[in-house]
1. For a quick check, take a GNM of the chain with Cα springs below 10 Å and name the residue from PRO24, PRO81, PRO40 with the largest mean-square fluctuation.
2. Need the full-extension length gain, ASP62 to LEU183, defined as separation in residues times 0.36 nm minus the C-alpha distance. One decimal, nm.
3. With the crude spin-label approximation of a point 7 Å out along Cα→Cβ, what separation in nm comes out for ILE172 versus LYS29?
4. Tell me which lysines have Cα within less than 19 Å of LYS67's Cα, excluding those fewer than 8 residues away on the same chain?
5. How much area per residue is accessible in the chain when the probe is 1.4 Å and only protein heavy atoms are counted (Å²)?
6. Translational D (Stokes-Einstein, µm²/s) of the stretch 151-192 at 4 °C and 1.567 mPa s when Rh comes from the Kirkwood sum over C-alpha pairs?
7. Given points 7 Å out from each Cα along the Cα-Cβ axis, report the PHE78 to THR5 separation in nanometres with one decimal.
8. Who wins for biggest fluctuation among LEU169, LEU32, LEU53 in a Gaussian network model of the chain, springs between alpha carbons below 10 Å?
Amino acid sequence: ALDKTFRFNNSISAFASKFVMQNPRQLHKEMLTHTQVNEPRVTLHQGDSENKLSHVLADINDNTSSKQSVYILSRYKFNLPNRHNLNQLNVKFKNLDIKTDTFHASKGKESDHVIILGLNKGKYGFPSQKPISPLLDCLLPKAEEFQHAEERRLFYVAVTRTKHAVHLLSDIKKPSQFITELLEKDYMINYN
């Protein structure tokens, strides 16, 4: 069994495991982590995403003495900075190597820091409230009984792409139900 990770620390592991295990049908897997930390490494930032993104990148950039990789992730590609904006961010933050991807495309990849965008309520939020077309629904396997089970596993994938820390960006006026859950169920996270 692959039960030890060298990528993320125990704080990320505990956070991600608690989140995905809310689904009682999820297979339980105890992950051992090589890196141990004593404080939460997931931070929730609520406010305007564009300003918060710049603030988070500046904070990471200013608190490192060596080049750090940053992965900006979102459920949907249109929530991510476009190529021009991404180039500007890489020029502005000299200590960072910033890349973007969707949650699905990030599988198997890693970076020093992860910033997750689009954690808002709505059709193209996360979890997605976009209805599935009836034709596509006929072709897909039967949906799980636990609400948003697949979206929950997808969030686990996004969170565990990091080595050091995760930053969750959400609009305080329309937070996703996942953000509401994090606040209500006493997850070990920092609030900014």
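The values are calculated or read from the model by the stated rules, or taken from the named source; none is laboratory data. Owing to the predicted nature of the structure, the values given are computational and were not obtained by experimental measurement. Ideal geometry is used to build each Cβ from the backbone, glycine not excepted, and the neighbour counts take in all protein chains shown. SASA here: full protein model, heavy atoms, side chains in, ligands and nucleic acids out. Shrake-Rupley method; radii C 1.70, N 1.55, O 1.52, S 1.80 Å.
1. Among PRO24, PRO81, PRO40, the largest GNM mean-square fluctuation belongs to PRO24.
2. 40.7 nm
3. Distance between the two pseudo-spin positions: 3.7 nm.
4. LYS92, LYS94, LYS99, LYS109, LYS163
5. Counting only protein heavy atoms, the per-residue value for the chain is 58 Å².
6. So the translational diffusion coefficient is about 113 µm²/s.
7. Each label point is offset 7 Å from its Cα along the Cβ direction, giving 3.1 nm.
8. Greatest mean-square fluctuation among the candidates belongs to LEU32.
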